[in-house]
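Undergrad: Submitted below is the structure of interest, expressed as structure tokens.
The values are calculated or read from the model by the stated rules, or taken from the named source; none is laboratory data. The structure presented is a predicted model; accordingly, all values stated were derived computationally and were not measured. Backbone-built Cβ (ideal geometry, glycine too); neighbour counts: all protein chains shown.
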Amino acid sequence: MLKDALGDPRAWTAAVATCLAAWLVVPALLPARPPAVDEEKIAEIRYVCRESGEVFSRRATAAVLPHPETGKPTLVPAVYDGRRKQWKPGPPPEVMHRKGLLRSAP
């Protein structure tokens, strides 16, 4: 009897349909996951525009940010140049963290 059921295409269709329905319905029933980190806990760092040199304070991200006025993706993380007393474009955040230029907040 089990051997006949395994060979029946209707049984396989029903099993696949049940799995597909569960895959689509279960995420809708479960509560949404909270974000990994609260927005308030993300550190604010300085970003500098590669075109104009303007400095902005924004929450740290791993992406290049759009300029608030032009909308072009030109804001990159900045490092402070003590000799010239100005902010300049820095390396990617991963490199800055590895070199100790970014430190996680306590």
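Undergrad: For the stretch 85-106, give me each residue that is at pLDDT 90 or above and assigned to a loop (DSSP other than H, G, I, E, B).
TA: The answer is LYS85, and nothing else.
Undergrad: Now for a separate question. I'd like the residue in the stretch 31-84 that is modelled with pLDDT of 85 or more and of a type in the set (Val, Ile, Thr) and, out of all such residues, is surrounded by the fewest Cβ atoms within 10 Å (Cβ to Cβ).
TA: Restricting to residues being modelled with pLDDT of 85 or more and of a type in the set (Val, Ile, Thr), the top hit is THR70.
Undergrad: Something else: Report whether or not THR70 is out of contact with any strand residue (DSSP E or B) (no Cβ under 9 Å at 6 or more places or on another chain) and farther than 25 Å from HIS97 by Cα. Please lay out each step first, then the result.
TA: Numbers: out of contact with any strand residue (DSSP E or B) (no Cβ under 9 Å at 6 or more places or on another chain): no; farther than 25 Å from HIS97 by Cα: yes.
Spelling it out, it is not the case that THR70 is out of contact with any strand residue (DSSP E or B) (no Cβ under 9 Å at 6 or more places or on another chain) and farther than 25 Å from HIS97 by Cα.
Undergrad: Let me ask you something else. Criterion first (modelled with pLDDT of 80 or more, closer than 30 Å to PRO92 by Cβ and aliphatic (A, V, I, L, M)) does LEU20 satisfy it? Steps first, please.
TA: Numbers: modelled with pLDDT of 80 or more: yes; closer than 30 Å to PRO92 by Cβ: no; aliphatic (A, V, I, L, M): yes.
No: the conditions fail for LEU20.
Undergrad: Mind checking which residues of the stretch 34-75 are outside any strand (DSSP E or B) and within 20 Å of GLU94 (Cβ to Cβ)?
TA: Answer for the stretch 34-75, where residues must be outside any strand (DSSP E or B) and within 20 Å of GLU94 (Cβ to Cβ): ALA36, VAL37, LYS41, ILE42, ALA43, ARG50, ALA60, THR61, ALA62, ALA63, VAL64.
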